[in-house]
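Shown next, in structure tokens, is the structure this report addresses.
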Amino acid sequence: MNERRTAGARTAHRVVVLGAGYAGMSAAVQLAARTRGRADVQVTVVNARERFTERMRLHLTGTGQQVAHLSIPEMLAGTGARFERGWVTAVDADARTVRIDDDRVLPYDTLVYGLGGVADTASVPGVEEHAHTLNGAQDAEVLAGRLAHLGNSNGSGSGRGTVVVVGTGLTGIESAAEIAEQYPGLRVVLLGRTEPGAAMNPKAGAYLRAALVRLGVRARSGVEVVKVLPGAVELAGGESVPADVVLWTSGTRVSPLAAAAGLGVDERGRVVTDEALRSVSHPAVYAVGDAAAVRQHYGVMHGTCQGGMPTGVHAAVSILRELAGRRPRPFRFGYYHTPVSLGRHDAVVQFTRPDDSPRRVHLTGRRAAWYKEVVTAAPWPTYGRMRKMPASGALWPRGGRFTRVGRQR
Ligand SMILES: Cc1cc2nc3c(=O)[nH]c(=O)nc-3n(C[C@H](O)[C@H](O)[C@H](O)COP(=O)(O)OP(=O)(O)OC[C@H]3O[C@@H](n4cnc5c(N)ncnc54)[C@H](O)[C@@H]3O)c2cc1C
């Protein structure tokens, strides 16, 4: 074992945060800020890259647009938290250790598990081999290179070819719109089981579908892609849709590490938590963000940044409450919006009830595009504020009155 603690810190409680995405960063910054200068708590953050991945902008990266360079070590600098760059390869939940890149071992007393989720590339044959994904910044950059090559294939920037985007969820819609806007010469086909915008109110959904038409996206719903081949996707029933590039956004899967560690997981591999966000099988593990199966009275939360950020804050505060001998409070969250970009100048923002069902009120057009940009840009300055004033973490919306204990069940 590679014992990394210094002699002076041997009695410190070791908190290790796995994954510095939206949720993990919230937990890490809260913990670091609230324990700054304390010798009895040591915070370590592990992430695959030093650069923060703005997952909500991966469709921009995937179409060759520049996004800001945000440094995780710089955000943590001066807080006392340590950053470890590396790929987590195993968690031993009984020995309370984490293995990184197979050769480093980090012991922990409390773990915050925030490794996120990605598109499911394993369930349909050919996806792993022939489809692109937006599962991380590197994947997005590879897609950008492929699209640039196809889009400029005639040397004039308006090359021809077909891009098939599979998945009519929000990532599929945003990606199809972005590709169509950036590469007007390409034919963009959006395939999925449900109609794009089906979860919105009828007016908002109709606006979204009209915007896709305006951008030239050919959306087809009610179809099931059963195979991805070189140069085509195959639909249930045998139809073949030609594709020069396939972008796969359908389904979600999480890292197999939690299940392999013996943590209690749901059918999708997410860590099942108690109401304080601790693993039901291993309470020394808190789970946050897309990697966690967090039950609220309306059901299990689905992966979003809007819900992931508060889980990180809550886990950090709960860990410190436990260290102070107090019981952690239950986590409460209600959704309030679904913002969907439709290229750079258009969007739909569907305001929702706490259970994520659509309200009548929604925004469209430039106002919605501005709103979406504000939402997308918000996490990083929020970390900066929390680093100076941890209590400001409570300002991130989490559902208003609904979240007050006693209003539910
Ligand atoms: C195009 C797009 C648009 C979106 N728009 C919105 C939106 O408008 N609003 C909204 O609320 N949500 C949106 N989402 C969803 C949102 O991005 C996710 O719900 C959110 O990223 C989840 O945060 P997280 O911290 O759980 O995981 P992530 O942000 O995915 O972070 C996980 C981190 O863990 C790291 N990691 C994973 N495995 C390992 C490993 N084995 N070792 C080391 N590091 C590892 C990753 O590198 C990453 O840094 C969007 C998603 C996409 C793709």
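Could you go through segment 313-325 and let me know if any residue there is within 12 Å of the ligand (Cβ to nearest atom), crowded, with 22+ Cβ neighbours inside 10 Å and either acidic (Asp, Glu) or under 20 Å from Ala93 (Cα atoms) (or both). Yes, segment 313-325 has at least one match. Taken together, Arg385, Arg360 contain a single residue that is out of contact with any Lys or Arg (no Cβ under 7 Å at 6 or more places or on another chain), open to solvent by 10 Å² or more (accessible area, probe 1.4 Å) and not in a strand (DSSP E or B), which is Arg385.
Restricting the search to segment 206-256, which residues are open to solvent by less than 40 Å² (accessible area, probe 1.4 Å) and among the small types (Gly, Ala, Ser)? Of everything in segment 206-256, those that are open to solvent by less than 40 Å² (accessible area, probe 1.4 Å) and among the small types (Gly, Ala, Ser) turn out to be Ala211, Gly216, Ala232, Ala243, Ser250, Ser255.
When the test is whether a residue is part of a helix (DSSP H, G or I) and within 13 Å of the ligand (Cβ to nearest atom), Gly308 passes it. Just checking, does segment 44-65 include any residue being open to solvent by less than 60 Å² (accessible area, probe 1.4 Å) and away from the ligand (no atom under 16 Å from the Cβ)? So far as segment 44-65 goes, no, none of its residues is open to solvent by less than 60 Å² (accessible area, probe 1.4 Å) and away from the ligand (no atom under 16 Å from the Cβ). Number of residues in segment 109-129 that are within 12 Å of the ligand (Cβ to nearest atom), open to solvent by less than 40 Å² (accessible area, probe 1.4 Å) and either part of a loop (DSSP other than H, G, I, E, B) or modelled with pLDDT of 95 or more (or both): the value is 4. In summary, strands (runs of 3 or more DSSP E) completely within segment 172-278 and bearing 3 or more residues that are within 14 Å of the ligand (Cβ to nearest atom) occur at 252-254. The set of residues in segment 290-300 that are surrounded by fewer than 24 Cβ atoms within 10 Å (Cβ to Cβ) and either within 11 Å of Asp356 (Cβ to Cβ) or in contact with a Lys or Arg (Cβ under 7 Å, 6 or more places away or on another chain) (or both) comprises Ala293, Gln296, His297, Tyr298, Gly299.
Residues that are in a loop (DSSP other than H, G, I, E, B) and within 13 Å of the ligand (Cβ to nearest atom) within segment 72-108 comprise Gly86, Trp87, Asp101, Asp102, listed in sequence order.
The values are calculated or read from the model by the stated rules, or taken from the named source; none is laboratory data. From a predicted model like this one, the values you see are computed outputs, not experimental measurements. No Cβ is skipped: glycine too gets one built from the backbone with ideal geometry, and neighbour counts run over all protein chains shown. Note: areas computed on protein heavy atoms with side chains; ligands, DNA, RNA excluded. Shrake-Rupley method; radii C 1.70, N 1.55, O 1.52, S 1.80 Å.
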